[in-house]
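One structure is given here, and the rest of the page talks about it.
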Amino acid sequence: MLGLLVASLALALAFFALLDGWYLVRVPCAVLRARLLQPRVRDLLAEQRYAGRVLPSDLDLLLHMNNARYLREADVARAAHLTRCGVLGALRELGAHAVLAASCARYRRSLRLLEPFEVRTRLLGWDERAFYLEARFVSLRDGFLCALLRSRQHVLGTSPDRVVQHLCKRKVEPPELPEDLQHWINYNEASSQLLRAESGIGDAPKDQ
């Protein structure tokens, strides 16, 4: 019995020491919670909220939430968001999947130890290759928007139009993308062209 306990503790220690254990636990839990315990969101463009709190493990040397933690929290919230609105399920049914192809973040004010916050995620729109999402980190102490993240989810195996049509059972025109988001998309395209040229790829298939 003691040997089994020691082995279990050693396995748990190795899991968290060698892998990003909390991330590997939280994302599946967020997806399962969204699928089994929360109501389906029928409006693809509706904002969804995911609550969080700054833990000691989130802090950097300046004692506020590490910049990289925002990206991880946005990732967890995005997984829950895409589950509740049915996008992940539609991708699975179509034999496709989506990968994070680009992201950008703007930090406006630090989140401090034990400060409660919400990640407010919404789908901004899509084009022929990707979905575009926004995540707003809002402090629950005073409602201040502390950080704003944008992400590009590249769809592999099908197209965003087909995913939306599969969900809505009809053809849906994508909403007009915000002007600042369009500038970011143009920047990414210009960057991809430069990187392909540096690699000698030329007009070969674009970045995934």
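Here are some notes:
- Against the chain, whose longest principal axis comes from its Cα atoms, helix 179-199 is set at around 90 degrees.
- Qualifying trypsin sites (Lys or Arg not before Pro) in segment 118-172, DSSP loop, other Cβ atoms within 10 Å at most 12: Arg141, Lys169, Arg170, Lys171
- Rounded if a/c under 1.5, otherwise prolate or oblate - segment 38-93, Cα gyration tensor axes: prolate
- Placing +1 on the Cβ of every Lys and Arg and -1 on the Cβ of every Asp and Glu, with no other charges, gives segment 1-160 a dipole of roughly 300 debye about its Cα centre.
- Per residue value of the accessible surface for the chain (all protein chains in place, 1.4 Å probe), Å²: 59
- In degrees, nearest ten, helix 67-84 long axis to first principal axis of the chain (Cα): 70
- Percent RCO, i.e. relative contact order, over the chain, from Cα pairs under 8 Å lying at least 6 residues apart: 19
- Estimated inter-spin distance, Leu32 and Ala46, nm [label 7 Å along Cα→Cβ]: 2.5
- Relative contact order [Cα under 8 Å, 6+ residues apart], segment 5-107, whole percent: 32
- Cα-projected label distance for Asp161 with Leu55, points at 7 Å along beta-carbon direction, nm: 4.3
- Gyration tensor (Cα) of segment 87-186, equivalent ellipsoid semi-axes in angstrom: 29, 15, 12
- Over the chain: helical MRE at 222 nm, DSSP H runs n ≥ 4 each giving -39500 (n - 2.57), nearest 500: -14000 deg cm²/dmol
- The angle between the Cα long axis of helix 21-36 and the main principal axis of the chain comes to about 60°, on a 0 to 90 degree scale.
- Cα gyration tensor category, rounded, prolate or oblate, for segment 128-206 with a/c compared to 1.5: oblate
- Extended-chain gain in nm, criterion 0.36 nm per residue less alpha-carbon gap, Asp20 and Gln182: 55.0 nm
- Coordinate range of the alpha-carbon atoms in the chain per principal axis, descending: 59, 43, 39 Å.
The values are calculated or read from the model by the stated rules, or taken from the named source; none is laboratory data. In this text, all values refer to a predicted model and were calculated from it rather than measured experimentally. In this analysis, Cβ positions are derived from the backbone assuming ideal geometry, glycine residues included, and neighbour counts consider all displayed protein chains. For the accessible areas, the whole protein counts, side chains as well, though only heavy atoms, and no ligand, DNA or RNA atoms are used. Shrake-Rupley method; radii C 1.70, N 1.55, O 1.52, S 1.80 Å.
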